[in-house]
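Heads up: the structure comes next, in structure tokens.
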Amino acid sequence: MKSFLKYTLATICGLVIFTFIAGIFFLLSLADMAASGGTAPSVKSNSVFVLKMDGAIQERSEEGTPLDFLMTQSNLSVMGLDDILTSIRKAKNHDDIKGIYIEGGLSQFDSPASAQQVRDALKDFKKSGKWIIAFADNFTQSGYYVASVADTVMLNKTGAIELKGIGGKREFMTGLFEKIGVKYQAVRVGKYKSAVESVIRKDMSPENREQTDAYQGGIWKHMLSDMAESRAKLTAEQIDQMVSDSILAFAAPGDYLKGGLIDVLCYPETVKATINGLLGTDGGNDINQLLLSDMMALPDNESDKGDEVAVYYAYGEIIDQRTSLFSTEHNIIGKETVDDLNKLAKNDDVKAVVLRVNSPGGSAVASEQIAHAITQLKAKKPVVISMGGLAASGGYMISAYGDYIFAEPTTITGSIGIFGLVPNVSELATGKLGVTFDGTKTNKYTDFMENLIFTKDNDQEIKFMQTYVDRGYETFLNIVADGRKMTRDEVHEIAQGRVWLAADAQPIKLVDKLGSLDDAVKKAAELAKLGDYHKKSYPEPAPWYQQLMDMSEKKGTYLDGELREVLGDFYQPVLNARRDMQRNRLQARLPYLLNF
């Protein structure tokens, strides 16, 4: 009887567990189907593509897990730049789509170059003879920059435009560290390599100020020129003067109209009436709308013609391996990227590769390994580089071996330099807390890391570290010299950690041509001597169950969203401090934040 009860209970427990697990997978499968959508939407005549510009825009869209669909993700809205550009192109080529309505102006671009790419795509859309209308309750600077390309720019009667120029203050933590007895020891090569300044200085160095003024001024001048071109009644100088004379975000809405920044002050019902007028439809009827998700579900007639040109997206900080951070904004992981590039080299279906780089750099070791993998890939098929918002430091290192380099005019690039950074807490530990250190060792430098961190007398260790960094810099110079067909001294002359705007980097041979991702794809096809061709994006998304296991590594998780909201402006400094503990000692990376 006992055995019967035991086996019966065991069977019941097994069934319960099986049912529970099966139920979870059933719910996840339903969510997966719901998230992936159904068949392509039908496009009615007189349709409008509604482009909602009210979230963060990153380099590439990332498919979520079914659990994301079940679990509300705070207030974080993320769009892929690739999806937006593809949707605008589809709208241009579809006869039943008559125009684009840009709604909202609170979009957060990761760089001016990303905003420019959307703006350029909209300019290209207008060549079809179709119209663009833009309306927002409030425009951020990047939101207005994009919206200014519209035929008609409309603003809520109580709205605001936050045009203010480019720049801002950065935090310097040296004074705080002095108070608690912590001193950062920096070794670097390149007088412009400013990534360490926030922890070793209390202000900007003259060299850092020089390079920052140059690239910020260049970006602002480019934006002014673009906005003036679209706002025919205004010159770049007039817009710049408006920004200089007052805080436009606090201006009366009527001043934007008088100044020529907008065409109409109105409420949303006027927008609907305007669009109906352009469509030639009855104002009482609903407007046929297509959202971004609808546009991406439409078939792409350019997706399967001819030979394949692979577009490999490499964006985010370059790191050696996956970390266990509560949040990871998308990273370029050294070994995984090398493996992916090796697979592309062996893939006979891929005739050419475009490496899309949007990175501030990171681990010098991982960057060098990726650069080497590109030389192996390049030996088998053409490799063209397309730079996004950032392709600097390690981001430039992985670009240098490309057969041809394209960049947007406002791409931040260069920063050819290396640094190492180690905190010394001897004053805090011994001077303030009374902690002392003692021990034994078999060799003179067995405890070199402890000496770097916990003792004041570590000059010899610093010398060794400087030699290590110098060697890394020489490796960087030689990679660029080899890739760009220059001498080591020619590269050194323009390197030293100097950050360059791509428009200025072209004359000094760091960039071959200013152009878009599409231009890079065309060049790759040309180098491969292809007739008909199509592009395919890599790396391909992982299955949802793998993504589910890697949830802690995925940008936009619920926890990440909550931490962003709680920490506010302190989120990025806290994240940077946490990352510093896990970074490789040798870094080829930009400063923590570039303020656009």
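Annotations
- Of all lysines in the structure, those lying under 21 Å Cα to Cα from Lys456, and not within fewer than 8 positions of it along the same chain, are Lys179, Lys183, Lys432, Lys441, Lys444.
- Per-residue packing, averaged as other Cβ atoms within 10 Å, sorts the ranges 429-435, 107-113 into the order 107-113, 429-435, beginning with the highest.
- With all protein chains modelled, accessible area of His330 [1.4 Å, Å²]: 60
- For Tyr533, solvent-accessible area (1.4 Å; no DNA, RNA or ligand), Å²: 70
- Only protein heavy atoms count here; on that basis, with a 1.4 Å probe, Tyr313 has an accessible area of about 20 Å².
- Of Asp83, Asp307, the residue with the largest accessible area leads and the full order is Asp307, Asp83 (1.4 Å probe).
- Taking a Cβ cut-off of under 13 Å around Asn156, the surrounding Lys, Arg, Asp and Glu residues balance to a net charge of -2, with basic ones at +1 and acidic ones at -1.
- Each Lys or Arg adds one and each Asp or Glu subtracts one; over the other residues with Cβ under 15 Å from the Cβ of Lys381, this totals +2.
- Of all lysines in the structure, those lying under 20 Å Cα to Cα from Lys535, and not within fewer than 8 positions of it along the same chain, are Lys90, Lys92, Lys305, Lys343, Lys346, Lys351, Lys378, Lys380, Lys381, Lys522, Lys523.
- Peptide ranges 501-509, 229-237, 116-124 listed from the most packed, as the mean C-beta count within 10 angstrom indicates: 116-124, 501-509, 229-237
- Radius 10 Å from Cβ of Asp82, net charge of other residues (Lys, Arg +1; Asp, Glu -1): 0
- For the stretch 341-354, Karplus couplings with θ = phi - 60° (6.51, -1.76, 1.60), whole Hz, Gly/Pro x: 5, 5, 5, 5, 5, 8, 7, 5, 6, 8, 9, 7, 10, 10
- Between Leu51 and Tyr101, Ile102, Glu103, the built amide H atoms are under 5 Å apart, and every one of these is 5 or more places off in sequence or on another chain.
The values are calculated or read from the model by the stated rules, or taken from the named source; none is laboratory data. It should be emphasised that the depicted structure is a prediction, and the values quoted were computed from it without experimental measurement. Ideal geometry is used to build each Cβ from the backbone, glycine not excepted, and the neighbour counts take in all protein chains shown. SASA here: full protein model, heavy atoms, side chains in, ligands and nucleic acids out. Shrake-Rupley method; radii C 1.70, N 1.55, O 1.52, S 1.80 Å.
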